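All remarks here apply to the structure that follows.
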Amino acid sequence: MTMPLETERLILRDWQPEDLEAFHAICTDPSVMQFVGDGEPWARERTEQFVGRACEMSQAVGFCQWPVIYKPSSTVIGFCGFVPANDGGEIGWRLAQEYWGRGLATEAARAVLELGFETLGFQRIIATVQSPNRASIRVVEKLGLKPESRFHRNGRELIVFSITNQRADAG
Ligand SMILES: CC(C)(COP(=O)(O)OP(=O)(O)OC[C@H]1O[C@@H](n2cnc3c(N)ncnc32)[C@H](O)[C@@H]1OP(=O)(O)O)[C@@H](O)C(=O)NCCC(=O)NCCS
């Protein structure tokens, strides 16, 4: 049982049907979506597909990109979590713009990273970030991931960052 995961200000838990409205509002904000995929806000079907796949993944492998709930308001303010990657998981995050700049992504991601290594048994965690996305790169750096490689997709440069499970290395 990996969820719920609680931090000082946040709860991460499995998706519930009523999360969709709040999450879709985030995915239609052009500022939020600027460095996600092709940079276009999502249509309703795309958001539904994302949540549907997350639910399936959670059932199949025990993790996904979980909704992030802001405890003071019990509001869904974004997601943080994993998709499968070689030897572990790829971590990702997305928050509603009004919650940026308060350390919330770092708070969620630190807890998720620890869960990945300690509970899910990942050997390695990666993050893939579009190179102009300074806020996301800063979060990645604060978590201790290091740049590993670069590649291009849809005319955009992406940087792959990684961190290995130090405990496993030591053992
Ligand atoms: C990336 C994102 C999740 C960060 O959320 P957040 O809660 O504001 O992040 P935090 O407050 O934990 O940390 C952000 C850090 O980036 C820094 N930062 C923010 N904007 C920056 C910019 N334009 N240039 C440089 N640093 C910046 C902040 O100062 C902070 O660093 P600090 O703690 O050293 O001061 C949020 O901006 C977001 O949802 N963006 C849109 C979706 C997205 O791009 N997702 C990631 C795809 S890879």
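Laboratory data are not the source of any read-out in this text; all were calculated from the coordinates shown. All values reported here derive from a predicted model rather than from experimental measurement. For neighbour counting, all protein chains shown are included, and Cβ atoms are generated from backbone atoms with ideal geometry for every residue, glycine included.
Among Ser149, Ser73, Ser31, the largest mean-square fluctuation in a Gaussian network model of the chain, built with springs joining Cα atoms closer than 10 Å, belongs to Ser73.
Packing here is the average count of other Cβ atoms within 10 Å per residue, and on that basis the peptides 56-63, 125-132, 150-157, highest first, run 125-132, 56-63, 150-157.
Averaging the sequence gap over all C-alpha pairs within less than 8 Å and six or more residues apart, then dividing by the number of residues, gives the chain a relative contact order of 18 percent.
Under the combined filter of DSSP loop state and at most 12 neighbouring Cβ atoms within 10 Å, the stretch 89-131 retains these trypsin sites (Lys or Arg not before Pro): Arg102. Projecting the alpha carbon convex hull of the chain along each direction and taking the average yields 9.8 nm².
Near Ala105: Cβ cut-off under 10 Å, other residues only, Lys/Arg at +1 and Asp/Glu at -1. The net charge is +4.
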